[in-house]
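Single-structure report; data block below.
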Amino acid sequence: MRSSSTMSYAVALATAACLALAGCADGDAAKPSATPSGSGSSSASGTASPSASPSGSASASPSATASVTVPAAARAHTEAGAIEFAKFYMLEADKAYVSLDSSTLQSLAGPNCEGCQSAIDGVAEFKSAGERQVRPSMTIAATNPLPNSTKDVAQVQVQIRAAEVDIVNAKGAVVGATETGTTVYRLAIRWMSNGWRTADLGLEQ
């Protein structure tokens, strides 16, 4: 039986995440708040350290991407907008394992996001193997903005709760399942000329 997409991401991220995300190594990052944040899906990881300076104009108006319309709440140039964007990205990452289409992830990623590329590569591996999740596996349990955020680069923890979901091959036969459990990711969300984009993505624990 093949291991889950969530575990594929976890393995890909584990070696890179603590190397690039500030504060990951000390293990004392703030725990996500208990505030529930809606449900959905996710499975991405990796990391490339963003600089504190924005890559785009702070006054530019966010726009929908070519492949997906970013929700209005996730387009606001505020801390709340960055949190909503982080949640949206994680949900879209999980959906990509169902559709086997990573175009949304590509459009929502910054130019040097290694974790985003890990997610994109993971979807490509599933597609090449003729496998997919039968439905999204993730629920967003909580979010927590971190104190080292700036106006244009928000650091956000997203706590993900995973359910067991079948993975099937091209003939519809079950070849594996996603793993259950709770994982915390840290995302750096950077304001650019086209709105928020994911600049960094890695495992927190």
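The values are calculated or read from the model by the stated rules, or taken from the named source; none is laboratory data. These numbers come from a predicted model, not from an experiment. Note that each Cβ is placed from the backbone with ideal geometry, even for glycine, and that neighbours are counted across all protein chains shown. SASA here: full protein model, heavy atoms, side chains in, ligands and nucleic acids out. Shrake-Rupley method; radii C 1.70, N 1.55, O 1.52, S 1.80 Å.
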Filtered residue count, the range 176-190, keeping only those that are surrounded by 24 or more Cβ atoms within 10 Å (Cβ to Cβ) and more than 16 Å from the chain's Cα centre (by Cα): 1
So Cys116 passes all but one of these: (1) touching a strand residue (DSSP E or B) at 6+ places or on another chain (Cβ under 7 Å); (2) open to solvent by 40 Å² or more (accessible area, probe 1.4 Å). Which condition number does it fail? (2)
Options Ala80, Ala124, Ala74; residue that is buried (at least 21 other Cβ atoms within 10 Å of the Cβ), of a type in the set (A, V, I, L, M) and modelled with pLDDT of 50 or more: Ala74
Based on what the data block shows, is Gly122 in contact with a Ser or Thr (Cβ under 6 Å, 6 or more places away or on another chain) and assigned to a helix (DSSP H, G or I)? yes
Yes or no: Gly172 at positive phi and open to solvent by less than 10 Å² (accessible area, probe 1.4 Å)? no
What is the one condition in (1) among the polar types (S, T, N, Q); (2) under 26 Å from Ala72 (Cα atoms); (3) in contact with a Gly (Cβ under 7 Å, 6 or more places away or on another chain) that Ser118 does not satisfy? (2)
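Matching residues to (1) under 20 Å from Asn194 (Cβ atoms); (2) assigned to a helix (DSSP H, G or I); (3) touching a residue at least 60 places away in the same chain (Cβ under 8 Å); (4) of a type in the set (Ser, Thr, Tyr):
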residue: Ala73; (1), (2), (3), (4): yes, yes, no, no
residue: Ala82; (1), (2), (3), (4): yes, yes, yes, no
residue: Ala86; (1), (2), (3), (4): yes, yes, yes, no
residue: Leu91; (1), (2), (3), (4): yes, yes, no, no
residue: Lys95; (1), (2), (3), (4): no, yes, no, no
residue: Thr104; (1), (2), (3), (4): yes, yes, no, yes
residue: Phe126; (1), (2), (3), (4): no, yes, yes, no
residue: Arg135; (1), (2), (3), (4): no, no, no, no
